[in-house]
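The values are calculated or read from the model by the stated rules, or taken from the named source; none is laboratory data. This structure is a prediction, so every number in the text was calculated from the model and none was measured. Virtual Cβ from ideal backbone geometry, glycine too; neighbours counted across all protein chains shown. Accessible surface is based on the protein model in full, side chains and every heavy atom, while ligands, DNA and RNA are left aside. Shrake-Rupley method; radii C 1.70, N 1.55, O 1.52, S 1.80 Å.
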Amino acid sequence: MKKIEMNFAGFRAADPEKLRRARFIDRPNRFLVRCELEGRPVSAFLPNPGRLWEILLPGTELLLAEDGGSEVRKTAFTAVAALRGEYVVLLHTHIANDAAGWLIGTGRVPGLEGWKVKKREVSFGRSRFDFLLEKEGRLLLLEVKSCTLFGQESAMFPDAPSDRGRKHVEELWTLAGEGYEAALLFLVQSSRPNFFLPDFHTDPKFAACLFRAKDRLRLFPLAVEWNAALELTGEPKLLPVPWEVYERHGGDRGDCLVLVDAGEKGFWAAAFPTENLSSFAGKALRRNGKDFPFPPGSGGKVKVIPIRSSLSGSKDINNSLASCAAGEVVKEGVRYFVFSGPPMKNAWFVEMLLYRRTDLLLSELP
């Protein structure tokens, strides 16, 4: 790790003297993670409600801030960031808003130069927004969303269905139609991606809402870079939004990955092409999968993962599953793959899923 400069004048997400490196073990609930720190298990507060499925894999290195215990909180640590390969990814959503305020105030957001923060946490209409900005007598309502989901080329938001996020977009769209200036800043927590899209696989309602609002709201998908000391470094870059990708692939067709937790019998995975993902997913989930043709005796807790795409992908997905599964059963022409552990904790499986949901869909861009 590089030497930490104690007189750093930029934006820092945490006190470097209180940072500790730990290894992720599991996530008992949305706001709590268990980690291994210096050979002992510790619990840490996780201020991020997202799924973080591509980040929180067993053994992932987390940066914890040592806060100290108290009567009002049960943990002495806060999970501030994670390492994805060589990239440091900020997880702390409240700090993301602080970083956004600093970037705006220092003129580092292309398109928002000259705007200053007039007020934070401002109530307007039926919602509360993160910032009210001011420039030469003009006012701008701004909502900030922290984006941690990205592949090699594309970042996506949200990584979990977000009714609150959709409500913010709808309210800003309405206010913009009444003559107010309104914008959304998606703070992408890595400099790696070069494009941004709404995650239409996970939250098609949010994606459709943002698509409708794109000509009325100002959108700022901004990629930033963090170093190991949790300092903002380099120059932020504004990411283009290739809406043609959404228009082509954002419908209800594609491939449905169905995962089954069969307890002592392991985990099963299968890919099914379908022209109606919503209906197919409902069928797979109905009666906890009892109406679905899984191999005999492998019923259990069912999870469905849609991959929305106009590309034909089930054959390639099956071939990918075959290369990382522990075994395979063919029933009624369908290939079912068995895993010894949860597929969503298998790094190879997760990378395959992430690629098919993000970068593969950019393949036909000029």
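The table that follows gives values for the structure above.
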quantity: Backbone HN-Hα couplings from phi across region 161-166 [Karplus 6.51/-1.76/1.60, Hz, Gly and Pro as x]; calculated: x, 10, 5, 5, x, 5
quantity: Calculated P(r) of region 309-366 - Cα pairs past 19 Å, %; calculated: 35
quantity: DSSP beta bridge pairing in the chain, given as percent antiparallel to the nearest 5; calculated: 75
quantity: Mean ellipticity per residue at 222 nm, deg cm²/dmol - from DSSP H runs of n ≥ 4 across the chain, formula -39500 (n - 2.57); calculated: -6500 deg cm²/dmol
quantity: Given Lys74/Lys301; Lys145/Lys205; Lys119/Lys145, the pairs whose alpha carbons are separated by over 19 Å; calculated: Lys74/Lys301
quantity: Three-way shape label, region 13-93, alpha-carbon gyration tensor, a/c 1.5; calculated: rounded
quantity: Relative pair counts by distance (%), Cα atoms of region 135-264, 5 Å bins; calculated: 2, 10, 18, 20, 18, 13, 10, 5, 2, 1, 1, 0, 0, 0
quantity: At 0.692 mPa s and 37 °C, Stokes diffusion of region 72-151 via Kirkwood alpha-carbon radius, µm² per second; calculated: 224
quantity: Gyration tensor verdict on region 207-366 (Cα atoms; rounded if a/c is under 1.5, prolate if a/b is larger than b/c, oblate otherwise); calculated: prolate
quantity: Highest average packing first - 174-184, 246-256, 147-157, Cβ atoms within 10 Å; calculated: 147-157, 246-256, 174-184
quantity: Rounded accessible area per residue of region 151-257, 1.4 Å, Å²; calculated: 36
quantity: Protein accessible area in the chain, 1.4 Å probe - carbon and sulfur %; calculated: 49
quantity: Radius 15 Å from Cβ of Arg120, net charge of other residues (Lys, Arg +1; Asp, Glu -1); calculated: -1
quantity: When the chain is reduced to its Cα atoms, the Kirkwood hydrodynamic radius in Å; calculated: 22.0
quantity: Other-chain or far-sequence residues with amide H under 5 Å of Arg84's (modelled H); calculated: Val89
quantity: Formal net charge of residues neighbouring Cys209 (Cβ-Cβ distance under 11 Å; K, R +1; D, E -1); calculated: +1
quantity: Burial ranking of peptide ranges 222-231, 274-283 (average Cβ count within 10 Å, highest at the top); calculated: 222-231, 274-283
quantity: Derived scalar couplings ³J(HN,Hα) [region 129-141; Karplus, 6.51 cos²θ - 1.76 cosθ + 1.60; whole Hz; x for Gly, Pro]; calculated: 10, 5, 9, 10, 9, 9, 8, 6, x, 8, 10, 9, 7
quantity: Rounded if a/c under 1.5, otherwise prolate or oblate - region 208-262, Cα gyration tensor axes; calculated: oblate
quantity: Spatial separation of Cα centroids for region 316-357 and region 72-133, in angstrom; calculated: 37
